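First up is the structure itself, then whatever we jot down about it.
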Amino acid sequence: MRYNITQRFNILLIITTIFSTSAFVCAAQDAVNNSLHVINSVESYIKTTKEDSNMRMIDVQRSIPNIILDLRYETTDNFMHRIMYPELPKNTFLRLPAIRALAQVQKELNKKGLGLKIFDAYRPYFVTEKFWELVHDDRYVADPKKGSGHNRGIAVDLTIIDLKTGKEIKMPTGFDNFTDSAHHDFVDLPEDVLLNRKLLKETMEKFGFREFATEWWHYSLPDPEKYEVLNLSFEQFEKQ
């Protein structure tokens with residue numbers, strides 16, 4: 001029997017509801033998927049952090065003052081219109097180098113009365129697999145054969161807010177908008193919007209992040225091959 005996209009998603013959603021994220025992740029050992037090494041166990045993760053402290057996953061909100069979280073994939077306010085993080089995490093995580101760089105971005109923006117709002121950071125690998133199952137298009141979601149910066153803990157989706165009002169400043173589009181207007185080279189926009197996008201880009205790049213050409217909100221550290229793909233739950237990181 002063949003299922004359409006909606007039917008396939010509903011089947012996956014039922015499975016996810018029955019099995020908690022932690023149970024799903026812990027059930028498997030570390031695996032190699034198409035030559036991609038995926039860390040599925042806390043023990044393997046701890047081993048990598050002992051070998052290199054830069055591999056540690058750090059609590060974003062506890063580490064960066066004034067940062068705001070609006071984790072869209074724990075709600076239906078995203079391009080899938082579904083809850084993709086059934087665990088409903090209270091916080092998100094990034095590798096230590098990404099945290100240090102993002103803290104510098106926040107400090108720089110704070111001088112201007114501005115700050116960061118995070119839409120997404122760490123994303124368990126199984127969620128990337130779920131995205132790919134439903135939207136088989138690498139223009140919009142990462143191919144699981146490669147893994148993503150989010151799976152590695154070095155990518156972040158974000159925007160800028162006004163600290164006084166808490167409101168987002170004007171950007172080309174909303175989050176998860178897959179039109180040409182979201183591209184960095186799209187210039188048919190009001191001047192203030194272009195300046196806001198430029199401010200985010202220049203500040204992120206100043207502290208080592210790189211843009212993603214088709215998404216103004218997505219930034220990642222370079223050299224992703226240094227960081228292994230993780231398939232651990234948010235709860236497992238919180239316990240470390």
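Can you tell me which of Val135, Val229, Val105 moves the most in a GNM of the chain? Springs connect C-alpha atoms under 10 Å apart.
Looking only at Val135, Val229, Val105, the biggest GNM fluctuation is shown by Val135.
May I ask what percent, to the nearest 5, of DSSP beta bridges between residues of the range 5-238 are antiparallel? Numbers along the way, then the final one.
Values: 19 of 23 bridges.
So the antiparallel bridges in the range 5-238 amount to around 85 percent.
Can you sort Val187, Val42 by how many other beta carbons sit within 10 Å, fewest first? Walk me through the numbers on the way to the answer.
Details: Val187 9, Val42 16.
In order of increasing Cβ crowding within 10 Å: Val187, Val42.
What is the fewest-to-most order of Leu195, Leu71, Leu116 by other Cβ atoms lying within 10 Å of their Cβ? Please list the in-between numbers first.
Values: Leu195 13, Leu71 21, Leu116 24.
Result, fewest neighbours first: Leu195, Leu71, Leu116.
Sort the following peptides by mean Cβ neighbour count (other Cβ atoms within 10 Å, averaged over residues), highest first: 210-217, 44-51, 153-160.
Numbers: 210-217: 18.0, 44-51: 14.1, 153-160: 24.5.
Taking the mean over residues of other Cβ atoms within 10 Å, the ranking is 153-160, 210-217, 44-51.
Which of the lysines could be linked to Lys50 by a straight reach, that is with a Cα gap under 28 Å, when you skip same-chain ones fewer than 8 residues away?
Lys90, Lys145, Lys146, Lys226, Lys239
Using unit Cβ charges (K, R positive; D, E negative) and no other charged atoms, how large, in debye to the nearest 20, is the dipole of the range 47-90 about its Cα centre? Could you put the intermediate results ahead of the total?
Numbers: 7 positive and 7 negative charges, 26 e Å.
Dipole magnitude for the range 47-90 comes out near 120 debye.
Kirkwood hydrodynamic radius of the chain from all distinct Cα pairs, in Å?
On the way: mean 1/r = 0.0540 Å⁻¹.
Result for the chain, one decimal place: 18.5 Å.
Expressed as a whole number of Å, what is the distance separating the alpha-carbon centroids of the range 149-193 and the range 76-113?
13
Give the cross-link partners of Lys206 among the lysines, using a straight C-alpha distance below 17 Å as the criterion and excluding same-chain residues fewer than 8 apart.
Here the lysines satisfying the reach criterion relative to Lys206 are Lys107, Lys111, Lys112, Lys198.
What size of dipole, in debye to the nearest 20, comes out for the chain about its Cα centre when the only charges are +1 on Lys and Arg C-beta atoms and -1 on Asp and Glu C-beta atoms?
On the way: 31 positive and 34 negative charges, 106 e Å.
The calculation lands at about 520 debye.
Hey, what number do you get for the chain at 222 nm if only DSSP H runs of n ≥ 4 count, each worth -39500 (n - 2.57), divided across all residues, to the nearest 500?
Details: 9 runs with 84 residues, N = 240.
Here the helix-only value at 222 nm equals -10000 deg cm²/dmol.
We did not get these values from a lab; they are worked out from the coordinates using the rules stated. If you're wondering where the values come from, they're calculated on a predicted model, not measured in any experiment. Cβ coordinates were reconstructed from backbone atoms using ideal geometry, including for glycine residues, and neighbour counts include every protein chain displayed.
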